[in-house]
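Please read the structure below before turning to the comments.
All of the numbers you see were taken from the coordinates with simple rules; none came from a lab. From a predicted model like this one, the values you see are computed outputs, not experimental measurements. As a convention, Cβ positions derive from the backbone with ideal geometry for all residues, glycine included, and neighbour counts pool all protein chains shown.
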Amino acid sequence: MDEIANKILRTKEALSIVCHNCGRDPSSVRLIAVSKKKSIAHIQAALKAGQIDFGENYAQEFRDKQTELASQKIVWHFIGHLQKNKVKYIAPHAEWIHTLDSFELAQVLEQKASRNLKVLLQVNIGDEEKKSGIAEKNLLNVAAQIFSHTTLEVRGLMCIPPFSEKPEDSRPYFVRLRKLLDELNLKLKPKTEMTELSMGMSHDYQIALEEGASMIRLGSAIFGER
């Protein structure tokens, strides 16, 4: 498990270098360790190394891990596709939900949450049929509905670009997500400006950092290959 601590250290060093090179403060970036399909022991090893933020993709796995680790100081992020009938497992315990993709889901989240939830709107940035997320053409309307009719704390946007083995191929999608966030803030004028961009995974997070990511979601870079 010492390898996990080493990976966290190396990742934070790489993060700092990229941020300094593009004039950013490394402390402005939240590193989320994606622990799906990983054991409690793996999570505990990361905790011991100082990792605080963890991301899970599956509702029941999240519920089970959160229950077992309830005494630990963990900031939980739900980053997988969320079905309305699984919200009951997530809303009471996750601090962040990255995958809000409809007004209907927002209504259910508000109903099941015991407090104001911090959420990100997932954008289907590559317009891919098999991916979840709000179509870019519908984003303004969906966001306006959520702001007008719920008390959810919409903090920003999240995306998963089309997969490519070349990290550089993700850049235009990250650029587009940043521009969409600026457009939403300009047009909707929310009481609290949306500032969060959840983008970048183990293979392309350095590109995401260069384009303004405030949250990066890393699995294999922290825990090794599944």
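Placing unit charges on the Cβ atoms only, positive for Lys and Arg and negative for Asp and Glu, gives the range 2-223 a dipole magnitude near 480 debye about its Cα centre. Volume per residue of the convex hull around the Cα atoms, evaluated for the chain, comes out as 122 Å³.
May I ask for the net charge around Tyr89, where only other residues with Cβ less than 12 Å from the Cβ of Tyr89 are counted and Lys, Arg are +1 while Asp, Glu are -1?
So the surrounding residues net to +3.
A DSSP coil position with no more than 16 other Cβ atoms inside 10 Å describes the following GluC sites (Glu not before Pro) in the range 120-159: Glu128, Glu129.
Ranking Ile32, Thr67, His42 by how far each Cα lies toward the positive end of the dipole of the range 1-96 (charges on Cβ) leaves Thr67 at the top.
The mean sequence distance of close C-alpha pairs (under 8 Å, at least 6 residues apart), as a share of the length of the chain, puts its relative contact order at 20 percent. Count Lys and Arg as plus one, Asp and Glu as minus one, and take only other residues whose Cβ is under 11 Å from that of Gln60; the net charge is then +1.
Cα-Cα over 27 Å: which of Lys7/Lys191; Lys130/Lys191; Lys65/Lys189; Lys38/Lys84? Correct reply: Lys7/Lys191; Lys130/Lys191; Lys65/Lys189.
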